[in-house]
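So the structure is just underneath, and the comments pick up after that.
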Amino acid sequence: MQVFNEQYLAGKRVLVTGASSGIGRQTAIALAACGARVCASGRDATRLQATLDALAGTGHGLLPLDLNGDDTITEAIQADAKAHGAFHGAFHSAGVSMVRPIKMCKRKQFDDVFASSVQSALAIARAMSLRGVMEDGGSLVFMSSVAGLRGQTGMSLYSAAKAAMDGMTRSLAVEFAPRGIRVNAVCAGAIETPMHSSLLTTLNDDSIEAYRSKHLLGFGQPDDVANAVTFLMGQGGRWMTGTSLVLDGGYTVR
Ligand SMILES: NC(=O)c1ccc[n+]([C@@H]2O[C@H](COP(=O)([O-])OP(=O)(O)OC[C@H]3O[C@@H](n4cnc5c(N)ncnc54)[C@H](OP(=O)(O)O)[C@@H]3O)[C@@H](O)[C@H]2O)c1
């Protein structure tokens, strides 16, 4: 479902992490349909190539990266900008889910969840702050979740990581504002992706129905996030910064 003009992001170069699946893939497709040149990042080479093949237009590229929180992420993004041109923006979608009771949450699980989301977001922001990597007036969007706003059994680590994304977004918005760079997060409810499907396999039918009915408008689609990110990436969102945009089909209303 294309709701934005095909010239909305013409000439803009955008990094998309998690582009090999789900929300990241659909957003890469949506951004390209609006004229952006996409640098698609992920780990799985086959699925990443499938995303690249699905992008409209020309000038797209791949940046295979394991977002393990390492400082080399910053260097890889900097090198890509040097080779292919500065970024107008980035959408950091990569992340892993974690549902387990607190007694089963040890340092390893903490590192797994925080590395791909929080530490990598910081590494991306660090890269974008370096000379020549990002254009002034650009836009950074981080993938957050309603899990950072509402409590649920088994979600402590995941909720902590997403709440960290929201806090980081506000401070980065202040730090990047002098360059006219906007920084926002999207707090999504349940979106039907491979991550969502694997979560549902742990629930019985009644629990799935209860989970669905908490979303007043039902579960969301990757397109719903892609449209919000596209808006934030371009001029439509030019007066929005430091926001955690709740996009949840009514999950947090009551
Ligand atoms: N689906 C939902 O209901 C929902 C709701 C709210 C927020 N979110 C958030 O939305 C984001 C995308 O989720 P999704 O539903 O689209 O999940 P998904 O389909 O499982 O996709 C996850 C993506 O993250 C990438 N990724 C994970 N760990 C990585 C790592 N260490 N290095 C590089 N890439 C890594 C995966 O890459 P590879 O496949 O190449 O390994 C994949 O492209 C996540 O941050 C998630 O927390 C999802």
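The values are calculated or read from the model by the stated rules, or taken from the named source; none is laboratory data. None of these values were measured; they are calculated from a predicted model. Cβ sites come from the backbone with ideal geometry, for glycine too, and all protein chains shown count toward neighbours. Accessible surface areas use protein heavy atoms only, side chains included; no ligands, DNA or RNA. Shrake-Rupley method; radii C 1.70, N 1.55, O 1.52, S 1.80 Å.
Please determine whether any residue of segment 110-126 is closer than 22 Å to Val174 by Cα, among the basic types (Lys, Arg) and at pLDDT 95 or above. The answer is yes, given that some residue of segment 110-126 is closer than 22 Å to Val174 by Cα, among the basic types (Lys, Arg) and at pLDDT 95 or above. Determine if segment 66-85 includes at least one residue that is under 23 Å from Asp224 (Cβ atoms) and either assigned to a loop (DSSP other than H, G, I, E, B) or more than 10 Å from the ligand (Cβ to nearest atom) (or both). No.
For (1) without any contact (Cβ under 8 Å) to a residue 60 or more places away in the chain; (2) open to solvent by 40 Å² or more (accessible area, probe 1.4 Å), each residue gets a yes or a no:
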{"site": "Gln2", "(1), (2)": "yes, yes"}
{"site": "Glu6", "(1), (2)": "yes, yes"}
{"site": "Arg13", "(1), (2)": "no, no"}
{"site": "Val16", "(1), (2)": "no, no"}
{"site": "Ile23", "(1), (2)": "no, no"}
{"site": "Val38", "(1), (2)": "yes, no"}
{"site": "Ser41", "(1), (2)": "yes, no"}
{"site": "Thr46", "(1), (2)": "yes, yes"}
{"site": "Gln49", "(1), (2)": "yes, yes"}
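Number of residues in segment 204-254 that are open to solvent by 60 Å² or more (accessible area, probe 1.4 Å) and not in a helix (DSSP H, G or I) equals 10. Of everything in segment 149-176 that is open to solvent by 10 Å² or more (accessible area, probe 1.4 Å) and among the hydroxyl-bearing types (Ser, Thr, Tyr), the residue that is modelled with the lowest pLDDT is Thr153. Put simply, of Val99, Val146, Val113 the only residue that is out of contact with any strand residue (DSSP E or B) (no Cβ under 6 Å at 6 or more places or on another chain), touching a residue at least 24 places away in the same chain (Cβ under 8 Å), open to solvent by less than 30 Å² (accessible area, probe 1.4 Å) and under 21 Å from Leu199 (Cα atoms) is Val113.
Checking Thr74, Thr51, Thr46 one by one, the residue that is of a type in the set (Val, Ile, Thr) and in contact with a strand residue (DSSP E or B) (Cβ under 6 Å, 6 or more places away or on another chain) is Thr51 and no other. Among the residues of segment 51-91, those identified as open to solvent by 60 Å² or more (accessible area, probe 1.4 Å), among the charged types (D, E, K, R) and under 23 Å from Leu122 (Cβ atoms) are Asp66, Asp70, Asp71, Glu75, Lys82. Within segment 198-216, the set of residues being over 15 Å from Gly95 (Cα atoms) and among the small types (Gly, Ala, Ser) comprises Ser207, Ala210, Ser213.
Can you find a residue that is in contact with a Lys or Arg (Cβ under 7 Å, 6 or more places away or on another chain), in a loop (DSSP other than H, G, I, E, B) and among the acidic types (Asp, Glu) anywhere in segment 6-13? No: segment 6-13 contains no residue that is in contact with a Lys or Arg (Cβ under 7 Å, 6 or more places away or on another chain), in a loop (DSSP other than H, G, I, E, B) and among the acidic types (Asp, Glu). Give the residue that is farthest from the ligand (Cβ to nearest atom), with candidates limited to residues of segment 19-51 that are in a loop (DSSP other than H, G, I, E, B) and in contact with a Lys or Arg (Cβ under 8 Å, 6 or more places away or on another chain). Looking at the filtered set, the residue picked out is Gly35.
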